[in-house]
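Engineer: Please find one structure pasted underneath; my questions will follow.
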Amino acid sequence: MDYQHILNSIQTELSSTPYTGKVASYIPQLEKIDPKKFGMHLFCINSGHYNFGDSNERFSIQSISKVFALTRATSLVGNELFRRVDVEPSGNPFNSLVQLEYENGIPRNPFINAGALVISDILISLLDNPKKDFLDFIHKITGTTTIDINIKVFESEKTYSHRNAALLNLMKSFGNIKNDINTVLDFYMYQCAIEMSCKELSTAFMIYANGGKRLLDGEQIIPSRKVKRINAIMQTCGFYDEAGEFSFRVGLPGKSGVGGGIAAIHPGQYAVTVWSPPLNPKGNSELGMYALERLTTLTGLSIF
Ligand code: GLU
C-alpha cells in the first residue's frame with residue numbers, strides 16, 4: 001500500500017475543502033491556536049512512518065488522554081473497574097450531567113468526562129504519584145521523554161472547571177468518588193493539558209493496533225485481551241455523541257479531543273493521527289474526520 005501517495009492526495013484535497021467548524025473556545029488558551037493548522041501521521045506496523053503538514057507540532061491532546069488513563073487503570077485493576085464505570089455509548093454531550101442523576105452516579109463509559117473523572121479517582125487511590133506515573137507511561141509507549149503538559153492550558157482550564165466539579169460532586173453524593181474533589185479535578189485537567197504531536201500520538205496508539213505490544217521492541221505493555229476491550233470502547237464511545245457517525249463514515253476505533261486531534265487505529269495494520277483545530281457541532285475535528293474518511297476510502301481498508 002502506497003500510504004504516502006494516499007496521504008498526499010488527502011492533503012491536496014483538504015487544502016481546498018471549506019470548513020465551518022470552530023476552534024474550541026471554552027478553554028481560553030485553546031482558542032489562540034491557528035485554525036489552519038493541519039497535520040496527519042500514519043504509523044504502519046509493517047512499513048513505518050508517513051505524514052504531511054504540521055504532523056510534528058505538539059498540540060493539546062485533551063480527551064485523547066482518556067484512552068491512556070483507561071489503559072493505566074485496566075492494567076492496575078481487574079473487571080471490578082467496570083462496576084464503577086459502564087461501557088455503553090452515552091448519546092449525550094461529553095460533559096452532560098443528566099444521565100448521571102438517573103443512573104445513580106455510574107458514568108456511561110470511561111471516555112465521557114464523568115467516566116474519566118472516575119478513572120482519575122481510581123488512579124489517585126492506587127498510585128503514589130499519579131501525575132508522574134501518567135507521564136512516565138506516555139514516555140514509555142512513545143519512547144519520547146520530552147512530552148509534558150502545557151502549563152498555560154492547564155491553568156486556563158481551571159477557569160472553566162465548574163461543570164467537571166459538578167460532575168464530581170454529583171458522583172461523590174452517590175459514593176462513586178473516593179478522593180478529594182479538587183485533587184481529582186487537578187489530576188484530570190493535568191492529563192488533558194498534555195501536548196503531543198501527530199507522530200507521537202500515532203506511536204503511542206501503536207500499542208492498540210499491535211495487540212498491546214510496543215512495536216520498537218515487542219514489549220507487552222498491556223495484555224491483548226485488555227486491548228481488545230479498550231479498542232471496543234474506542235469504537236463505540238470514542239467520539240462524543242457522534243460515535244455512530246464516525247463508525248459509519250470512517251470505520252476505525254479511535255478517540256478525539258477538543259484540541260482538534262483524532263487518534264485512530266486499524267488493528268494489525270496501523271495507527272493514525274490527524275490534527276485540525278476547527279470542531280464540528282459535536283466537538284470532533286471537522287477536517288480530521290473528513291481526512292480519516294478519505295483514508296479508509298482510498299485504502300479500501302477499515303475494520304468493517
Ligand atoms: N478538558 C476537557 C474538559 O473536560 C476535555 C474535553 C475533551 O477533549 O473532550 O472539558
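Engineer: Name every residue in region 25-56 that is farther than 27 Å from Tyr270 by Cβ and of a type in the set (A, V, I, L, M, F, W, C), in order of residue number.
Structural biologist: Across region 25-56, the qualifying residues are Ile27, Leu30.
Engineer: Let me ask something else about it. Would you check which residues across region 153-202 are open to solvent by 40 Å² or more (accessible area, probe 1.4 Å) and closer than 30 Å to Tyr50 by Cα and list them?
Structural biologist: Of everything in region 153-202, those that are open to solvent by 40 Å² or more (accessible area, probe 1.4 Å) and closer than 30 Å to Tyr50 by Cα turn out to be Glu195, Lys199.
Engineer: Under the condition of being away from the ligand (no atom under 16 Å from the Cβ) and either open to solvent by 10 Å² or more (accessible area, probe 1.4 Å) or more than 17 Å from Pro110 (Cβ to Cβ) (or both), which residue from region 249-264 is farthest from the chain's Cα centre (by Cα)? Full working, then the answer.
Structural biologist: Quick first cut of region 249-264, residues away from the ligand (no atom under 16 Å from the Cβ) only: 249-253.
Adding the requirement that they be either open to solvent by 10 Å² or more (accessible area, probe 1.4 Å) or more than 17 Å from Pro110 (Cβ to Cβ) (or both) leaves 249-252.
Numbers: Arg249: 18, Val250: 16, Gly251: 16, Leu252: 13 Å.
The extreme case among them is Arg249.
Engineer: So, restricting to helices (runs of 4 or more DSSP H) that lie completely within region 116-188, which ones have at least 1 residues that are in contact with a Gly (Cβ under 8 Å, 6 or more places away or on another chain)?
Structural biologist: Working: elements: 130-142, 151-158, 162-173.
Hits in region 116-188: 162-173.
Engineer: Give me a count of the residues in region 265-281 that are more than 15 Å from the chain's Cα centre (by Cα), open to solvent by 10 Å² or more (accessible area, probe 1.4 Å) and not polar (S, T, N, Q). Step through it out loud before you land on a result.
Structural biologist: Of region 265-281, the ones more than 15 Å from the chain's Cα centre (by Cα) are 266-270, 278, 280-281.
Narrowing the set further to residues that are open to solvent by 10 Å² or more (accessible area, probe 1.4 Å) leaves 266-269, 280-281.
Retained after the next criterion (residues that are not polar (S, T, N, Q)): 266-268, 281.
Selection size over region 265-281: 4.
Engineer: While we're looking at this one, here's another question. Evaluate region 203-218: report whether one residue or more is over 29 Å from Thr146 (Cα atoms), surrounded by fewer than 24 Cβ atoms within 10 Å (Cβ to Cβ) and not small (Gly, Ala, Ser).
Structural biologist: So the first thing to find is which residues in region 203-218 are over 29 Å from Thr146 (Cα atoms), and the list is none.
Looking for residues that are over 29 Å from Thr146 (Cα atoms), surrounded by fewer than 24 Cβ atoms within 10 Å (Cβ to Cβ) and not small (Gly, Ala, Ser), one finds none in region 203-218, hence no.
Engineer: Which of the residues that make up region 107-156 are within 12 Å of the ligand (Cβ to nearest atom), closer than 14 Å to Val184 by Cβ and of a type outside the set (S, T, N, Q)?
Structural biologist: Hits for region 107-156 are Ala114, Gly115, Ala116, Leu117.
Engineer: Could you go through region 160-183 and let me know if any residue there is within 16 Å of the ligand (Cβ to nearest atom), on the phi < 0 side of the Ramachandran plot and within 16 Å of the chain's Cα centre (by Cα).
Structural biologist: No - not one qualifying residue is present in region 160-183.
Engineer: Another one. Any idea how many residues of region 52-93 are in contact with a Cys (Cβ under 8 Å, 6 or more places away or on another chain) and within 16 Å of the ligand (Cβ to nearest atom)?
Structural biologist: Number of matching residues: 7.
Engineer: For residues that are away from the ligand (no atom under 16 Å from the Cβ), of a type in the set (A, V, I, L, M) and open to solvent by less than 60 Å² (accessible area, probe 1.4 Å), tally how many sit in region 94-106.
Structural biologist: Final tally of qualifying residues: 1.
Engineer: Still on this structure: Kindly indicate which of Tyr19, Tyr26 is modelled with pLDDT under 95, in a loop (DSSP other than H, G, I, E, B), within 16 Å of the ligand (Cβ to nearest atom) and of a type outside the set (S, T, N, Q). Step through it out loud before you land on a result.
Structural biologist: Details: Tyr19 fails: within 16 Å of the ligand (Cβ to nearest atom).
Going through Tyr19, Tyr26 in turn, just one is modelled with pLDDT under 95, in a loop (DSSP other than H, G, I, E, B), within 16 Å of the ligand (Cβ to nearest atom) and of a type outside the set (S, T, N, Q): Tyr26.
The values are calculated or read from the model by the stated rules, or taken from the named source; none is laboratory data. Owing to the predicted nature of the structure, the values given are computational and were not obtained by experimental measurement. All Cβ positions, glycine included, derive from the backbone under ideal geometry; neighbour counts span all protein chains shown. Only protein heavy atoms, including side chains, enter the accessible area calculation; ligands, DNA and RNA are left aside. Shrake-Rupley method; radii C 1.70, N 1.55, O 1.52, S 1.80 Å.
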